[in-house]
């Protein structure tokens, strides 16, 4: 008995001590977050900006304090906004001698990756160096790092250079086995968001559009890498055909994809030699977040501002609306309207850049945002900067801007509309054996129930509603782009285009990044001196802590497990709760 009590008390004491220590560590970590929030970083002499390219590249980082404390930093991803700010400031700061890129296994949309690479190309104009080292280079990671003066890899490492593919999934037969079929209403030959539920393979029209935009994106990759590495496009295609990720590392050197095979301990010695430092001299690294927070000596606050408003994620009507991004960012119609109205009424904001990265969503919310952009444009210039996606509803909210900029590899267009309603009546009534009866006051009171599929009259009403939405969509585009309605319809039909294709078609004004869009907005507003300010303002860490849900962390883990299939499974699980009319890109492009 004494032994039992002794071990029990010892266990309780250990548990209490552990709880106390864990609490102290947690509060110290949170205090560190609070102390570093918004703190201006100082840059030492002989500093190198160190960029870890491991993770998912997003427009903005998603603050997840609990996940960070639990070791789940990867859930937040890399922020293009932070990285671009850091690279720009590193270019202008005399203490920063160069950039070191590491762990290049990054994934991201082609246009987002391309914009980060452009920031590095611009950095090189300063004459400062860029050095890259990684055990493994993903294809997107290599595309970014190809700009480096010297690319190094582990002697047993790989470069995953293989070309691009897109592989949609089809659920029609799987759904039929359980007695479910999808009732589809759409306008647009190329509006193929519905195909996974109605087809068993890609339609000819969809195969045509995917082949077109995939080829356009890959050609951009080839062109940029060829220019940086002095390798011909034909040779790069030959290397991709042989799937370089399966070749020994020495083949990478022989093919001139990398410069040297080396180990991590040799990289720091190389960096010191590059900076004319001795072996015992200190080499100071600075993170992108610290660099982005460093003030430039010549910075002066200006009264006139160009606002950069980030519209990222699925378009939904209200906060908490059902979307395919799970707990990721959303473009919440009611909030965006309030925010844009505030910018319209702010006398210090002279122009607005709407940074759009969205594959669309609710047609109703898209229309409301379009209206607010029109009201804003009536009082001050509005320029759109397109990120990885600005398609369907994402293009709808962009179409009325004074000017539209896109990356060459941005996916845009997809001017079409659809509605989908699952019919589970066979599953419920025949396979499960549930029977329904009905009492109704009017002819169509039971439309959309689980008891039966839609009849011909109901289907025609839905199709007419979708066609009416399509006429509105094409009309909005024609008005915003100053095009004839027939010309818009000729390039609409739900077809997806790349940014460089969209410029030729008149859907986009110029190729350029966010910085180009900001300069264009300032010029339209006739500003010589101005500051840029990002909206909506990022939440402080403690607000994110209060708002963060357990489901957010679980959603991030689910996204990691499902990978490229996450969006499709999200659509299946939420289809009943989606708005009736959808303006959405055909499917998750899942470009591999």
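Values quoted throughout were computed directly from the atomic coordinates according to the rules given, and no laboratory measurement underlies them. Remember, it's a predicted structure, so these values are computed and weren't measured experimentally. Note that each Cβ is placed from the backbone with ideal geometry, even for glycine, and that neighbours are counted across all protein chains shown.
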- [ ] Could I have the simple spin-label model distance between residue 455 and residue 531, label points 7 Å from Cα toward Cβ, reported in nm to one decimal?
- [x] 6.5 nm
Open item on the list: So if I average 1/r over every pair of distinct C-alpha atoms in segment 394-446 and take the inverse, what Kirkwood radius in Å does that give?
Closed with: 16.4 Å
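If I take all pairs of Cα atoms in segment 417-496, what percentage of them are more than 22 Å from each other?
Of the Cα pairs, 47 percent sit more than 22 Å apart.
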Task: Paramagnetic reach from residue 432 in segment 169-212 [backbone N under 15 Å; point 7 Å along Cα→Cβ] - done: 178-181
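Given an 8 Å cut-off on Cα distances and at least 6 residues of separation, report the relative contact order of segment 365-447 as a percent.
Working: 81 pairs, mean separation 20.6, N = 83.
Reported relative contact order: 25 percent.
Which whole-number percent gives the relative contact order of segment 414-511, counting Cα pairs below 8 Å spaced six or more residues apart? Spell out each step's value before the answer.
Values: 71 pairs, mean separation 35.3, N = 98.
Worked out over segment 414-511, it gives 36 percent.
Which of the peptides 397-403, 118-124 is most tightly packed, and how do the rest follow, going by the mean number of other Cβ atoms within 10 Å of each residue? Working shown, then result.
Values: 397-403: 24.0, 118-124: 19.3.
Peptide ranking by packing, descending: 397-403, 118-124.
Under 8 Å for C-alpha pairs, at least 6 residues apart: give me the relative contact order for segment 338-494, rounded to a whole percent. Intermediate values should be presented prior to the final figure.
Values: 216 pairs, mean separation 32.2, N = 157.
Value for segment 338-494: 21 percent.
Neighbour counts of other C-beta atoms within 10 Å: give me 497, 161, 218 arranged from fewest to most. Let's see the in-between values first.
Working: 497 27, 161 24, 218 19.
Listed from fewest to most nearby Cβ atoms, that is 218, 161, 497.
Given segment 465-508, what whole percent of its Cα pairs are spread farther than 13 Å? Numbers along the way, then the final one.
Numbers: 501 of 946 pairs.
Above the 13 Å cut-off, segment 465-508 has 53 percent of its Cα pairs.
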TODO: Please give the contour-minus-distance gain from residue 295 to residue 223: 0.36 nm per residue of separation, less the Cα-Cα distance, rounded to one decimal in nm.
DONE: 22.4 nm
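Could you quote the convex hull projected area for segment 356-459, Cα atoms only and averaged over all directions, in nm²? Could the numbers behind the result be given before it?
On the way: hull surface 41.1 nm².
In nm², the orientation-averaged hull projection of segment 356-459 is 10.3.
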Open item on the list: Once each part is reduced to its C-alpha centroid, what is the distance from segment 423-499 to segment 241-278 in angstrom?
Closed with: 55 Å
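If we sort 412-418, 89-95 on the protection proxy, mean other Cβ atoms within 10 Å, highest first, what's the order? Walk me through the intermediate numbers first.
On the way: 412-418: 29.9, 89-95: 17.7.
The densest-packed peptide leads the list: 412-418, 89-95.
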